[in-house]
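Report on one structure; see the data block that follows.
The values are calculated or read from the model by the stated rules, or taken from the named source; none is laboratory data. Computed from a prediction, not measured in an experiment: that's the story for all the values here. All Cβ positions, glycine included, derive from the backbone under ideal geometry; neighbour counts span all protein chains shown.
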Amino acid sequence: MKAKSSLRRVNKKTAMRMAFHSSGLRLTRQRLAIYRELTGRYDHPDVDMLYQAVRKRVPRISLFTVYRTVNAMETAGLIRRVATWKGHARYDGNIRTHAHFLCETCGKIEDMDIGDVSDLCRRVEAETGLTVRRVDLIFYGEETECAAKEIS
């Protein structure tokens with residue numbers, strides 16, 4: 001069982017290395033730590049949240065390195081900037097097309113499964129003549145917990 005686990009880890013690291021190299025980035029220890037942290041989270045952290053989490057495993061990492069790495073990974077298409085809330089960019093390790101819900105009261109961002117949006121993309125392309133490469137769909141509102149707090 002231990003051999004299978006380490007084999008999966010090696011294959012995953014090899015896949016990450018290939019993804020980074022195909023994007024023109026070298027896979028360093030710091031980049032790997034940041035990427036793993038981001039892809040393992042679902043709270044869409046900002047750079048400071050990533051820095052605080054990664055610093056536990058890579059104590060000598062700087063906030064500037066995290067900023068630079070996140071920008072490079074975003075440019076390379078390995079991660080996505082989700083939304084800006086009160087001046088803080090948030091990031092998502094899930095680069096597949098999906099929607100988000102942003103609570104305008106607390107700032108929480110949640111993934112939403114809205115199904116396939118390819119029909120919408122094709123319709124936009126057909127009606128406008130534009131080429132759609134990516135869709136960022138964000139619903140804004142208030143989550144149930146925040147709405148309940150306002151009522152009480």
(message) Looking only at region 58-73, how many residues end up being in a helix (DSSP H, G or I) and crowded, with 16+ Cβ neighbours inside 10 Å?
(response) 6
(request) All but one of (1) touching a residue at least 60 places away in the same chain (Cβ under 8 Å); (2) surrounded by 12 or more Cβ atoms within 10 Å (Cβ to Cβ); (3) assigned by TED's automatic domain parsing to the domain that holds GLY24 hold for ASP111, so report the exception by its number. (result) (3)
(message) Here is a check on your reading of the model: is ASP46 under 23 Å from MET18 (Cβ atoms), surrounded by 15 or more Cβ atoms within 10 Å (Cβ to Cβ), in contact (Cβ under 8 Å) with a residue 40 or more places away in the chain and within 14 Å of the chain's Cα centre (by Cα)?
(response) no
(message) Can you tell me which of (1) under 30 Å from GLU142 (Cβ atoms); (2) at pLDDT below 95 is the one MET16 doesn't meet?
(response) (1)
(message) VAL82 - would you say it is surrounded by 11 or more Cβ atoms within 10 Å (Cβ to Cβ) and over 19 Å from the mean Cα position of the chain (by Cα)?
(response) no
(message) Looking for something at pLDDT below 90 and touching a Gly at 6+ places or on another chain (Cβ under 9 Å) - is there at least one such residue anywhere in region 32-53?
(response) no
(request) For ARG96, state whether it is at pLDDT below 90, out of contact with any Gly (no Cβ under 7 Å at 6 or more places or on another chain), under 15 Å from ILE138 (Cα atoms) and not hydrophobic (A, V, I, L, M, F, W, C). (result) yes
(message) Taking the condition of being more than 21 Å from HIS88 (Cα to Cα) and touching a Leu at 6+ places or on another chain (Cβ under 9 Å), how many residues in region 121-144 meet it?
(response) 2
(message) Quick check on region 95-103. Is at least one of its residues surrounded by fewer than 16 Cβ atoms within 10 Å (Cβ to Cβ), under 20 Å from ILE34 (Cα atoms), in contact with a strand residue (DSSP E or B) (Cβ under 8 Å, 6 or more places away or on another chain) and among the basic types (Lys, Arg)?
(response) no
